[in-house]
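See structure below.
Please treat every number below as a calculation from the coordinates, not as lab data. These numbers were taken from a predicted model, which means no experiment stands behind them. When we count neighbours, we look across all protein chains shown, and the Cβ atoms used for this are built from the backbone with ideal geometry, even at glycine.
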């Protein structure tokens, strides 16, 4: 059985819940601490394609750091992707990747659809 990958932030309750949900369903996911192991532009772009969403939808736009960085929901995707690389805390979490599919674990149970 192939194992999923989770872009994980141990300080985030939804990320912890999603990781536990994966383990409870018999998975031993690869855990990527995306804060210290920031995804590349290519990886973020790939996740956006797999999710079928725009860059702004992968961001924590309600986080004060989003506004402090001078970002806007109407900024071009390249600007927002660059912001996610420079400030990975702005990436919505967790992201789970499995068998060529992706899901954001909000709510955590939403990742079950790709397993």
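Would you please give the FRET efficiency between residue 113 and residue 79, computed as 1/(1 + (r/R0)^6) with r the Cβ-Cβ distance and R0 = 35 Å, to the nearest 0.05? The pair residue 113/residue 79 has a calculated efficiency of 0.70. A Förster distance of 25 Å, applied to the separation of the beta-carbon atoms of residue 99 and residue 20, puts the FRET efficiency at 0.75. Principal-axis analysis of the Cα atoms of the chain puts helix 41-51 at an angle of about 60° to the longest axis. Among beta bridges identified by DSSP and lying wholly in the range 1-110, the antiparallel ones come to about 65 percent. Between 0 and 90 degrees, the angle of helix 13-24 with respect to the longest Cα principal axis of the chain falls at about 20 degrees. Once you sort the root eigenvalues of the Cα gyration tensor of the range 30-93 as a ≥ b ≥ c, which label holds: rounded (a/c under 1.5), prolate (a/b larger than b/c) or oblate (the other case)? The shape class here is oblate. Relative to the longest principal axis of the Cα atoms of the chain, helix 77-86 runs at roughly 70 degrees.
Over the chain, dividing the summed -39,500 (n - 2.57) contributions of all DSSP H runs of at least 4 residues by the number of residues returns a 222 nm mean residue ellipticity of -9500 deg cm²/dmol. Looking at the chain, I'd like the Rg to Rh ratio, where Rg is from alpha-carbon atoms and Rh is Kirkwood's inverse mean 1/r. Using Cα coordinates only, the ratio equals 0.96. Between residue 11 and residue 36, the contour length at 0.36 nm per residue exceeds the Cα-Cα span by 7.7 nm. Extension gain, residue 28-residue 46: 0.36 nm per intervening residue step, less the Cα-Cα distance, totals 4.2 nm.
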